[in-house]
């Protein structure tokens, strides 16, 4: 039976219930909670978690592979251009090396410029959800191979209404060399048009190696103000990288608003600033 949220996300497994799951049993956050107070909570979606030494060792190795690939491209280009026999054999190697250069560049820039985390905030007082996304957050998507590696610094921040968000579980399996399969589970949040099941956007909430609904149950109870049985232990803050999380001033203030009235005041303030900026640009031209 397909998902009721259409178009269906890739690798869909099941639609998730939205609401309070339990008021008796303790609900864990799987050490993904970065911060929580009575107004909002912030969950981690960290995908790297490498220490400085292995990160730099990997970067150096990738750079060496890039240089080696450039050398192979140079040699094969010479053979293809100047040799008369057997040149067709070298064309696949030439194309493969170009692809490897592109792929290794993506990885190098990812390791250098990806933020230390891509968190998500849930504000239960305003009913808003805020995501902080890096375009290589989910390496392996189509965008990895269609966008320039030099755009790796791009950060996307979005705001959604919690009422328009639903949860679905997806899973992907892959064979391993020793036999058997390894499976990855994701809780995806689909954003629907108000009061419909028409999906207009989606984002990943969490990724686990085993089937788990913990984070989804936790945040559902939090947003419903049912937090007596919630584990509020925050994740250890041990990992540090030079690229820090940098929420925009507007979304940072909105995501921390303690009431809908405060949110509306912040929104009106920044709309006024935006209108003034547009007027100033018009006057200059």
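None of the figures in this text is laboratory data; all of them are computed from the coordinates on show. None of these values were measured; they are calculated from a predicted model. Reconstructed Cβ throughout: ideal geometry from the backbone, glycine too, with neighbour counts over all protein chains shown.
Roughly what angle does helix 260-284 make with the longest principal axis of the chain, taking Cα atoms, 0 to 90 degrees, to the nearest 10?
Between the helix axis and the principal axis of the chain, the angle is about 50 degrees.
What is the spin-label model distance, in nm, from residue 244 to residue 151 if the labels are put 7 Å beyond Cα along the C-beta direction?
2.8 nm
Out of all DSSP beta bridges in the chain, what portion is antiparallel? Express it as a percent rounded to 5. Walk me through the numbers on the way to the answer.
On the way: 40 of 42 bridges.
Within the chain, antiparallel bridges account for around 95 percent of the total.
Against the 2.2 N^0.38 Å scaling, with N counting residues, where does segment 180-231 land? I'd like the Cα-based Rg ratio to two decimal places. Intermediate values should be presented prior to the final figure.
Working: Rg = 14.0 Å, N = 52, 2.2 N^0.38 = 9.9 Å.
Dividing the Cα Rg of segment 180-231 by 2.2 N^0.38 Å gives 1.42.
What is the Rg over Rh value, at two decimals, for segment 52-113, using alpha-carbon atoms and the Kirkwood definition of Rh? Please list the in-between numbers first.
Details: Rg = 14.4 Å, Rh = 12.6 Å.
In segment 52-113, Rg relative to Rh is 1.14.
Considering only 113, 74, 213, give the residue with the highest GNM mean-square fluctuation for the chain, with springs between Cα atoms whenever their separation is below 10 Å.
74
Using alpha carbons only, how many degrees (0 to 90, rounded to 10) separate the axis of helix 52-82 from the longest principal axis of the chain?
40 degrees
Over all pairs of distinct alpha carbons, what does the Kirkwood formula give as the hydrodynamic radius of segment 1-101, in Å? Write out the running numbers ahead of the final one.
Working: mean 1/r = 0.0500 Å⁻¹.
Computed over segment 1-101, the radius equals 20.0 Å.
Kirkwood Rh over alpha-carbon pairs of the chain, then Stokes-Einstein at 25 °C and 0.890 mPa s: what D in µm² s⁻¹, rounded to an integer? Before the final figure, lay out the partial values.
Working: Rh = 22.1 Å.
The diffusion coefficient I find is 111 µm²/s.
For segment 157-182, list residues with backbone N below 13 Å from a point placed 7 Å from the Cα of residue 195 toward its Cβ?
Label zone hits: none.
Say each of residue 228 and residue 173 gets a label point 7 Å from the Cα, pointing the same way as Cα to Cβ; how far apart are those two points in nm?
In this crude label model, residue 228 to residue 173 measures out at 4.1 nm.
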